[in-house]
1. In segment 139-168, what count of residues is obtained for those that are of a type in the set (Gly, Ala, Ser), within 14 Å of the ligand (Cβ to nearest atom) and either without any contact (Cβ under 8 Å) to a residue 40 or more places away in the chain or touching a Leu at 6+ places or on another chain (Cβ under 6 Å) (or both)?
2. Any residue in segment 228-254 that's within 21 Å of Lys177 (Cβ to Cβ): show its pairings with residues that are crowded, with 20+ Cβ neighbours inside 10 Å and of a type in the set (Ser, Thr, Tyr) at Cβ separation under 7 Å, as long as the two are six or more apart or on different chains.
3. Write out, first by first residue and then by second, each pair whose Cβ atoms fall under 7 Å of each other, whose residues are 6+ apart or on separate chains, and whose first residue, in segment 201-225, is in contact (Cβ under 8 Å) with a residue 40 or more places away in the chain while the second is assigned to a helix (DSSP H, G or I) and near the ligand (Cβ under 10 Å from one of its atoms).
4. Are there any pairs, at least 6 apart or on different chains, whose C-beta atoms fall under 6 Å, with the first in segment 101-129 and over 27 Å from Val154 (Cβ atoms) and modelled with pLDDT of 95 or more and the second in a helix (DSSP H, G or I) and within 16 Å of the ligand (Cβ to nearest atom), and if so, which?
5. Kindly state which strands (runs of 3 or more DSSP E) lie completely within segment 26-130 and contain at least 3 residues that are among the β-branched types (Val, Ile, Thr), within 16 Å of the ligand (Cβ to nearest atom) and out of contact with any Ser or Thr (no Cβ under 7 Å at 6 or more places or on another chain).
6. Please state which one of Leu277, Leu264 is away from the ligand (no atom under 14 Å from the Cβ) and not small (Gly, Ala, Ser).
7. All but one of (1) in a strand (DSSP E or B); (2) surrounded by fewer than 21 Cβ atoms within 10 Å (Cβ to Cβ); (3) of a type outside the set (Ser, Thr, Tyr); (4) in contact (Cβ under 8 Å) with a residue 60 or more places away in the chain hold for Glu338, so report the exception by its number.
8. In segment 361-373, which residues are free of Cβ contacts under 8 Å to residues at least 60 places away in the same chain and surrounded by fewer than 20 Cβ atoms within 10 Å (Cβ to Cβ)?
Amino acid sequence: MPDLFSKFDPLIEQRETLLESGVTDPFSLVMEKVESPTVAICNGKRTILLGTYNYMGMTFDPDVLAAGHKALDEFGSGTTGSRVLNGTYVGHKALEQALKDFYAKDHAMVFSTGYQATLGMVSVLGGKDDYILLDIDSHASLYDGCAMSNAQIVAFRHNDVEALEKRLKRLPPEAAKLVVLEGVYSMLGDVAPLKEMVAVSKAAGAMVLVDEAHAMGFIGEHGRGVAEAQGVIDDVDFIVGTFSKSVGTVGGFCVSNHPKFEILRLVCRPYVFTASLPPSVVATAATSIRKLMDSADKRAHLWENSRRLHAGLRQLGFQLGTDQPQSAIIAVIMPDLETGAAMWQALLEEGLYVNLARPPATPAGMTLLRCSLCALHSEEQVGEILGMFAAAGRSTGCIS
Ligand SMILES: Cc1ncc(COP(=O)(O)O)c(C=O)c1O
(Lines give C-alpha, C1' and ligand atoms only; values in the text may rest on other atoms or scores of the structure.)
Protein backbone atom coordinates (compact mmCIF):
# COMPACT_ATOMS: atom_id res chain seq x y z
CA MET A 1 0.00 0.00 0.00
CA PRO A 2 1.46 3.42 -0.87
CA ASP A 3 2.45 5.17 2.36
CA LEU A 4 1.21 8.74 2.75
CA PHE A 5 4.26 9.40 4.95
CA SER A 6 6.86 8.55 2.27
CA LYS A 7 7.06 12.23 1.27
CA PHE A 8 8.57 12.97 4.70
CA ASP A 9 11.42 10.45 4.33
CA PRO A 10 14.14 12.99 3.36
CA LEU A 11 13.29 15.08 6.45
CA ILE A 12 13.22 12.00 8.71
CA GLU A 13 16.64 10.99 7.39
CA GLN A 14 18.13 14.46 7.86
CA ARG A 15 16.79 14.59 11.43
CA GLU A 16 18.18 11.14 12.28
CA THR A 17 21.63 12.06 10.91
CA LEU A 18 21.63 15.21 13.02
CA LEU A 19 20.63 13.36 16.20
CA GLU A 20 23.25 10.64 15.55
CA SER A 21 25.91 13.39 15.63
CA GLY A 22 25.14 13.78 19.36
CA VAL A 23 23.05 16.96 19.14
CA THR A 24 19.87 17.00 21.24
CA ASP A 25 16.73 17.80 19.26
CA PRO A 26 16.62 21.62 19.02
CA PHE A 27 12.88 21.43 18.30
CA SER A 28 11.79 19.58 21.43
CA LEU A 29 13.25 21.61 24.28
CA VAL A 30 11.12 21.63 27.45
CA MET A 31 10.89 24.65 29.76
CA GLU A 32 10.69 22.97 33.16
CA LYS A 33 10.07 26.19 35.05
CA VAL A 34 9.75 29.78 33.89
CA GLU A 35 11.10 32.19 36.49
CA SER A 36 10.63 35.46 34.61
CA PRO A 37 10.39 36.76 31.02
CA THR A 38 14.18 36.35 30.72
CA VAL A 39 15.03 33.22 32.76
CA ALA A 40 13.78 29.61 32.72
CA ILE A 41 14.98 26.22 33.92
CA CYS A 42 15.82 23.90 31.01
CA ASN A 43 17.41 20.47 31.53
CA GLY A 44 17.65 21.38 35.22
CA LYS A 45 19.81 24.42 34.44
CA ARG A 46 19.18 28.18 34.82
CA THR A 47 18.89 29.41 31.26
CA ILE A 48 18.73 32.95 29.89
CA LEU A 49 15.93 33.23 27.35
CA LEU A 50 17.06 34.90 24.13
CA GLY A 51 14.68 33.17 21.76
CA THR A 52 11.20 34.16 22.91
CA TYR A 53 8.98 36.83 21.37
CA ASN A 54 8.44 38.38 24.79
CA TYR A 55 9.85 41.68 23.50
CA MET A 56 8.26 43.90 26.14
CA GLY A 57 8.42 41.37 28.98
CA MET A 58 4.69 41.48 29.75
CA THR A 59 4.16 37.80 30.67
CA PHE A 60 4.68 38.33 34.41
CA ASP A 61 3.40 41.90 34.67
CA PRO A 62 1.41 42.03 37.97
CA ASP A 63 -1.50 44.03 36.45
CA VAL A 64 -1.74 41.64 33.51
CA LEU A 65 -1.76 38.60 35.81
CA ALA A 66 -4.37 40.18 38.13
CA ALA A 67 -6.68 40.91 35.17
CA GLY A 68 -6.36 37.30 34.02
CA HIS A 69 -7.12 35.85 37.47
CA LYS A 70 -10.17 38.10 37.89
CA ALA A 71 -11.64 37.19 34.48
CA LEU A 72 -11.02 33.49 35.11
CA ASP A 73 -12.98 33.71 38.38
CA GLU A 74 -15.80 35.84 36.98
CA PHE A 75 -16.29 34.35 33.49
CA GLY A 76 -14.90 30.82 33.69
CA SER A 77 -12.18 29.01 31.80
CA GLY A 78 -13.52 29.25 28.23
CA THR A 79 -16.32 30.55 26.01
CA THR A 80 -17.05 27.26 24.22
CA GLY A 81 -18.24 29.11 21.15
CA SER A 82 -17.52 31.20 18.06
CA ARG A 83 -17.37 34.99 18.20
CA VAL A 84 -20.53 35.10 16.05
CA LEU A 85 -22.55 32.84 18.35
CA ASN A 86 -22.02 32.60 22.12
CA GLY A 87 -18.29 33.51 22.09
CA THR A 88 -18.39 37.31 22.40
CA TYR A 89 -18.17 38.45 26.04
CA VAL A 90 -17.77 41.99 27.34
CA GLY A 91 -14.04 41.26 27.58
CA HIS A 92 -13.74 40.65 23.82
CA LYS A 93 -15.40 44.01 23.14
CA ALA A 94 -13.13 45.71 25.73
CA LEU A 95 -10.09 44.17 24.00
CA GLU A 96 -11.27 45.45 20.62
CA GLN A 97 -11.71 48.90 22.19
CA ALA A 98 -8.16 48.74 23.62
CA LEU A 99 -6.85 47.96 20.11
CA LYS A 100 -8.84 50.83 18.57
CA ASP A 101 -7.39 53.17 21.19
CA PHE A 102 -3.85 51.79 20.80
CA TYR A 103 -3.81 52.22 17.00
CA ALA A 104 -6.27 55.17 16.78
CA LYS A 105 -8.30 53.22 14.21
CA ASP A 106 -12.08 52.94 13.79
CA HIS A 107 -12.43 49.15 13.77
CA ALA A 108 -10.78 46.17 15.44
CA MET A 109 -11.46 42.46 15.13
CA VAL A 110 -9.92 39.90 17.52
CA PHE A 111 -9.04 36.40 16.30
CA SER A 112 -8.05 33.33 18.31
CA THR A 113 -4.41 33.34 17.10
CA GLY A 114 -2.13 35.62 15.11
CA TYR A 115 -1.94 32.88 12.49
CA GLN A 116 -5.72 32.97 12.08
CA ALA A 117 -5.75 36.78 11.86
CA THR A 118 -3.33 36.84 8.92
CA LEU A 119 -4.82 33.72 7.33
CA GLY A 120 -8.32 35.14 7.70
CA MET A 121 -7.64 38.65 6.48
CA VAL A 122 -5.59 37.72 3.40
CA SER A 123 -7.96 34.92 2.37
CA VAL A 124 -11.16 36.90 2.86
CA LEU A 125 -9.89 39.97 0.99
CA GLY A 126 -8.53 38.07 -2.02
CA GLY A 127 -11.56 37.30 -4.19
CA LYS A 128 -11.76 35.61 -7.60
CA ASP A 129 -10.89 38.58 -9.83
CA ASP A 130 -8.48 40.22 -7.38
CA TYR A 131 -4.68 40.27 -7.12
CA ILE A 132 -2.55 39.78 -4.03
CA LEU A 133 1.04 40.99 -4.23
CA LEU A 134 3.30 39.75 -1.46
CA ASP A 135 6.92 40.02 -0.44
CA ILE A 136 8.64 36.71 -1.18
CA ASP A 137 9.97 36.48 2.42
CA SER A 138 6.49 36.69 3.93
CA HIS A 139 5.52 34.60 6.96
CA ALA A 140 3.92 31.18 6.33
CA SER A 141 0.54 32.43 7.59
CA LEU A 142 0.44 35.10 4.86
CA TYR A 143 1.30 32.49 2.22
CA ASP A 144 -1.39 30.20 3.63
CA GLY A 145 -3.86 33.11 3.42
CA CYS A 146 -2.96 33.48 -0.26
CA ALA A 147 -3.41 29.74 -0.84
CA MET A 148 -6.84 29.86 0.80
CA SER A 149 -7.93 32.94 -1.20
CA ASN A 150 -9.28 32.87 -4.72
CA ALA A 151 -7.03 35.69 -5.93
CA GLN A 152 -4.13 35.67 -8.39
CA ILE A 153 -0.88 35.72 -6.39
CA VAL A 154 2.12 37.78 -7.44
CA ALA A 155 5.28 37.54 -5.32
CA PHE A 156 8.02 40.17 -5.51
CA ARG A 157 11.65 40.35 -4.35
CA HIS A 158 12.14 40.98 -0.64
CA ASN A 159 11.93 44.65 0.32
CA ASP A 160 12.36 45.70 -3.36
CA VAL A 161 10.24 48.80 -4.02
CA GLU A 162 11.01 48.83 -7.75
CA ALA A 163 10.02 45.17 -8.15
CA LEU A 164 6.71 45.85 -6.42
CA GLU A 165 6.04 48.91 -8.59
CA LYS A 166 6.86 47.02 -11.80
CA ARG A 167 4.48 44.20 -10.92
CA LEU A 168 1.71 46.59 -9.92
CA LYS A 169 2.02 48.38 -13.27
CA ARG A 170 1.62 45.12 -15.19
CA LEU A 171 -1.78 44.35 -13.62
CA PRO A 172 -5.12 45.43 -15.11
CA PRO A 173 -5.89 48.92 -13.74
CA GLU A 174 -9.53 48.01 -13.08
CA ALA A 175 -8.68 44.98 -10.89
CA ALA A 176 -8.77 45.25 -7.07
CA LYS A 177 -5.33 44.69 -5.54
CA LEU A 178 -3.96 43.96 -2.07
CA VAL A 179 -0.28 44.48 -1.24
CA VAL A 180 0.83 42.31 1.70
CA LEU A 181 3.85 43.45 3.71
CA GLU A 182 5.44 42.94 7.12
CA GLY A 183 6.86 45.69 9.32
CA VAL A 184 9.74 43.61 10.72
CA TYR A 185 10.69 40.39 8.93
CA SER A 186 11.09 37.80 11.64
CA MET A 187 13.98 35.73 10.31
CA LEU A 188 16.64 38.39 9.75
CA GLY A 189 15.01 41.12 11.86
CA ASP A 190 15.10 43.61 8.98
CA VAL A 191 12.55 46.37 8.51
CA ALA A 192 10.48 47.04 5.36
CA PRO A 193 10.76 50.32 3.44
CA LEU A 194 7.07 50.83 4.16
CA LYS A 195 6.99 54.51 3.28
CA GLU A 196 8.10 53.87 -0.31
CA MET A 197 6.10 50.65 -0.66
CA VAL A 198 2.89 52.24 0.56
CA ALA A 199 3.45 55.17 -1.82
CA VAL A 200 3.84 52.96 -4.93
CA SER A 201 0.90 50.79 -3.84
CA LYS A 202 -1.39 53.78 -3.39
CA ALA A 203 -0.26 55.28 -6.73
CA ALA A 204 -1.39 52.01 -8.38
CA GLY A 205 -4.74 52.03 -6.55
CA ALA A 206 -3.89 49.05 -4.32
CA MET A 207 -4.91 48.51 -0.71
CA VAL A 208 -2.14 47.69 1.77
CA LEU A 209 -2.07 45.15 4.61
CA VAL A 210 0.88 45.20 7.02
CA ASP A 211 1.64 42.41 9.49
CA GLU A 212 3.21 44.18 12.47
CA ALA A 213 3.65 40.98 14.54
CA HIS A 214 7.30 41.70 15.43
CA ALA A 215 7.03 45.49 15.64
CA MET A 216 3.95 46.07 17.81
CA GLY A 217 4.73 47.44 21.24
CA PHE A 218 8.37 48.23 20.43
CA ILE A 219 8.80 50.13 17.16
CA GLY A 220 7.32 53.61 16.68
CA GLU A 221 6.87 56.40 19.20
CA HIS A 222 3.76 54.77 20.69
CA GLY A 223 4.74 51.21 19.81
CA ARG A 224 2.27 51.07 16.91
CA GLY A 225 4.88 49.55 14.63
CA VAL A 226 6.94 50.31 11.54
CA ALA A 227 3.97 52.04 9.86
CA GLU A 228 3.99 54.55 12.72
CA ALA A 229 7.80 54.91 12.73
CA GLN A 230 7.80 55.66 8.97
CA GLY A 231 4.79 58.02 9.13
CA VAL A 232 2.38 55.95 7.00
CA ILE A 233 0.00 54.52 9.59
CA ASP A 234 -2.94 56.53 8.16
CA ASP A 235 -2.29 55.17 4.65
CA VAL A 236 -2.16 51.50 5.63
CA ASP A 237 -5.60 49.94 5.12
CA PHE A 238 -5.20 46.92 7.41
CA ILE A 239 -2.78 46.30 10.27
CA VAL A 240 -2.68 42.72 11.49
CA GLY A 241 -0.81 41.46 14.50
CA THR A 242 -0.62 39.02 17.34
CA PHE A 243 -0.87 38.96 21.13
CA SER A 244 1.78 36.22 21.31
CA LYS A 245 4.76 38.55 21.08
CA SER A 246 4.98 41.99 22.79
CA VAL A 247 1.51 41.61 24.31
CA GLY A 248 2.67 38.44 26.06
CA THR A 249 -0.33 36.12 25.68
CA VAL A 250 -2.05 34.53 22.66
CA GLY A 251 -4.49 35.70 19.98
CA GLY A 252 -4.50 37.92 16.91
CA PHE A 253 -6.19 40.98 15.48
CA CYS A 254 -6.80 43.31 12.57
CA VAL A 255 -7.46 47.06 12.83
CA SER A 256 -8.71 49.27 10.00
CA ASN A 257 -10.56 52.46 9.09
CA HIS A 258 -12.38 50.82 6.19
CA PRO A 259 -16.08 51.81 6.50
CA LYS A 260 -17.30 48.32 5.53
CA PHE A 261 -14.86 46.48 7.83
CA GLU A 262 -17.49 45.02 10.20
CA ILE A 263 -18.96 42.80 7.47
CA LEU A 264 -15.81 40.66 7.72
CA ARG A 265 -17.14 39.22 10.98
CA LEU A 266 -19.69 37.28 8.91
CA VAL A 267 -17.50 36.14 6.01
CA CYS A 268 -14.00 35.55 7.39
CA ARG A 269 -13.82 31.79 7.95
CA PRO A 270 -10.90 31.66 10.47
CA TYR A 271 -12.94 34.16 12.56
CA VAL A 272 -16.33 32.47 12.24
CA PHE A 273 -15.50 28.77 12.35
CA THR A 274 -13.47 28.55 15.54
CA ALA A 275 -13.96 29.13 19.26
CA SER A 276 -13.17 32.57 20.67
CA LEU A 277 -10.35 33.29 23.11
CA PRO A 278 -10.92 32.43 26.80
CA PRO A 279 -11.95 35.41 28.99
CA SER A 280 -8.70 35.28 31.01
CA VAL A 281 -6.58 35.57 27.85
CA VAL A 282 -8.71 38.44 26.56
CA ALA A 283 -8.37 40.29 29.88
CA THR A 284 -4.57 39.85 29.98
CA ALA A 285 -4.29 41.08 26.38
CA ALA A 286 -6.41 44.20 26.97
CA THR A 287 -4.47 45.11 30.12
CA SER A 288 -1.13 44.53 28.44
CA ILE A 289 -2.04 46.59 25.35
CA ARG A 290 -3.14 49.55 27.50
CA LYS A 291 0.14 49.37 29.43
CA LEU A 292 2.15 49.21 26.19
CA MET A 293 0.78 52.65 25.26
CA ASP A 294 2.89 54.15 28.08
CA SER A 295 6.07 52.12 27.80
CA ALA A 296 8.50 54.59 26.25
CA ASP A 297 11.21 53.80 28.83
CA LYS A 298 11.01 50.08 28.12
CA ARG A 299 11.16 50.75 24.37
CA ALA A 300 14.30 52.86 24.89
CA HIS A 301 15.95 50.14 26.98
CA LEU A 302 15.09 47.47 24.40
CA TRP A 303 16.76 49.57 21.70
CA GLU A 304 19.85 49.83 23.93
CA ASN A 305 19.87 46.04 24.36
CA SER A 306 19.53 45.51 20.63
CA ARG A 307 22.40 47.89 19.82
CA ARG A 308 24.62 46.39 22.54
CA LEU A 309 24.07 42.78 21.44
CA HIS A 310 24.48 43.59 17.73
CA ALA A 311 27.76 45.45 18.30
CA GLY A 312 29.09 42.77 20.68
CA LEU A 313 28.33 39.84 18.38
CA ARG A 314 29.87 41.65 15.45
CA GLN A 315 32.98 42.38 17.45
CA LEU A 316 33.27 38.68 18.30
CA GLY A 317 33.35 37.94 14.56
CA PHE A 318 29.86 36.56 13.94
CA GLN A 319 28.08 37.24 10.65
CA LEU A 320 24.75 38.95 11.31
CA GLY A 321 21.52 39.25 9.31
CA THR A 322 21.57 43.06 9.22
CA ASP A 323 24.43 45.61 9.11
CA GLN A 324 22.74 47.69 11.78
CA PRO A 325 20.29 46.64 14.51
CA GLN A 326 16.83 47.32 13.04
CA SER A 327 14.55 45.58 15.54
CA ALA A 328 14.66 43.35 18.64
CA ILE A 329 15.69 40.38 16.47
CA ILE A 330 19.40 39.81 15.82
CA ALA A 331 20.04 36.86 13.50
CA VAL A 332 23.42 35.11 13.59
CA ILE A 333 24.12 33.41 10.26
CA MET A 334 25.53 29.87 10.51
CA PRO A 335 27.46 28.20 7.67
CA ASP A 336 25.24 25.07 7.66
CA LEU A 337 22.64 23.15 9.69
CA GLU A 338 25.20 20.89 11.40
CA THR A 339 27.31 23.81 12.66
CA GLY A 340 24.15 25.72 13.59
CA ALA A 341 22.86 22.78 15.64
CA ALA A 342 26.25 22.29 17.35
CA MET A 343 26.40 25.99 18.21
CA TRP A 344 22.77 25.92 19.45
CA GLN A 345 23.63 23.04 21.77
CA ALA A 346 26.88 24.65 22.99
CA LEU A 347 24.92 27.81 23.87
CA LEU A 348 22.30 25.77 25.72
CA GLU A 349 25.02 24.05 27.72
CA GLU A 350 26.42 27.50 28.56
CA GLY A 351 22.93 28.46 29.83
CA LEU A 352 21.48 30.39 26.88
CA TYR A 353 18.43 29.58 24.77
CA VAL A 354 18.19 30.98 21.22
CA ASN A 355 16.06 29.84 18.26
CA LEU A 356 17.62 27.56 15.68
CA ALA A 357 15.90 28.48 12.41
CA ARG A 358 16.27 26.56 9.17
CA PRO A 359 14.60 26.29 5.75
CA PRO A 360 11.77 26.49 4.80
CA ALA A 361 11.22 29.11 7.55
CA THR A 362 14.41 31.00 6.60
CA PRO A 363 15.14 32.90 3.36
CA ALA A 364 17.79 31.72 0.85
CA GLY A 365 18.28 28.33 2.55
CA MET A 366 20.01 29.92 5.54
CA THR A 367 20.56 28.36 8.98
CA LEU A 368 20.18 31.02 11.65
CA LEU A 369 20.56 31.38 15.38
CA ARG A 370 17.85 33.91 16.04
CA CYS A 371 18.25 36.06 19.10
CA SER A 372 15.24 38.05 20.21
CA LEU A 373 15.76 40.51 23.00
CA CYS A 374 13.44 41.51 25.80
CA ALA A 375 13.01 44.95 27.37
CA LEU A 376 13.62 43.21 30.72
CA HIS A 377 17.07 41.84 29.80
CA SER A 378 19.45 43.80 32.00
CA GLU A 379 22.72 45.28 30.78
CA GLU A 380 24.48 42.59 32.85
CA GLN A 381 22.49 39.82 31.15
CA VAL A 382 23.46 41.13 27.71
CA GLY A 383 27.09 41.01 28.87
CA GLU A 384 26.58 37.44 30.09
CA ILE A 385 24.99 36.51 26.73
CA LEU A 386 28.01 37.86 24.83
CA GLY A 387 30.34 35.82 27.07
CA MET A 388 28.34 32.68 26.27
CA PHE A 389 28.48 33.38 22.53
CA ALA A 390 32.25 33.85 22.77
CA ALA A 391 32.72 30.52 24.59
CA ALA A 392 30.31 28.52 22.40
CA GLY A 393 31.64 30.14 19.22
CA ARG A 394 35.22 29.15 20.07
CA SER A 395 34.38 25.60 21.19
CA THR A 396 32.46 24.90 17.95
CA GLY A 397 34.98 26.66 15.70
CA CYS A 398 32.44 29.28 14.54
CA ILE A 399 34.85 32.05 15.56
CA SER A 400 38.56 32.02 16.24
C1 LIG B 1 5.02 37.68 10.90
C2 LIG B 1 4.13 36.77 11.66
N3 LIG B 1 2.81 36.80 11.45
C4 LIG B 1 1.97 35.99 12.12
C5 LIG B 1 2.42 35.09 13.06
C6 LIG B 1 1.46 34.17 13.77
O7 LIG B 1 1.26 34.57 15.07
P8 LIG B 1 0.85 33.56 16.25
O9 LIG B 1 2.07 32.74 16.55
O10 LIG B 1 0.49 34.46 17.36
O11 LIG B 1 -0.27 32.73 15.76
C12 LIG B 1 3.78 35.02 13.33
C13 LIG B 1 4.30 34.07 14.32
O14 LIG B 1 5.44 33.86 14.54
C15 LIG B 1 4.67 35.89 12.61
O16 LIG B 1 5.98 35.84 12.81
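The values are calculated or read from the model by the stated rules, or taken from the named source; none is laboratory data. Computed from a predicted model, the values in this text were never measured in an experiment. Virtual Cβ from ideal backbone geometry, glycine too; neighbours counted across all protein chains shown.
1. Step one: list which residues in segment 139-168 are of a type in the set (Gly, Ala, Ser), which gives 140-141, 145, 147, 149, 151, 155, 163.
After this cut, where a residue has to be within 14 Å of the ligand (Cβ to nearest atom) as well, the list is 140-141, 145.
Subsequent filtering for residues that are either without any contact (Cβ under 8 Å) to a residue 40 or more places away in the chain or touching a Leu at 6+ places or on another chain (Cβ under 6 Å) (or both) retains 141, 145.
Qualifying residue count for the region: 2.
2. Pairs that qualify, where the first residue is within 21 Å of Lys177 (Cβ to Cβ) and the partner is crowded, with 20+ Cβ neighbours inside 10 Å and of a type in the set (Ser, Thr, Tyr), are Asp237/Ser256; Phe238/Ser256; Ile239/Tyr103; Val240/Thr118.
3. Partner pairs satisfying both residue conditions: Asp211/Thr118; Asp211/Leu142; Ala213/Gly114.
4. Listed pairs, sorted by first residue: Phe102/Ile289; Ala108/Leu99; Val110/Leu95.
5. On the way: elements: 31-36, 39-42, 45-49, 107-111.
Answer list for segment 26-130: none.
6. Numbers: Leu277 fails: away from the ligand (no atom under 14 Å from the Cβ).
That would be Leu264, the only listed residue that is away from the ligand (no atom under 14 Å from the Cβ) and not small (Gly, Ala, Ser).
7. (1)
8. If we filter segment 361-373 for residues that are free of Cβ contacts under 8 Å to residues at least 60 places away in the same chain, which is where we start, we get 364-365, 367, 369.
Correct list: Ala364, Gly365.
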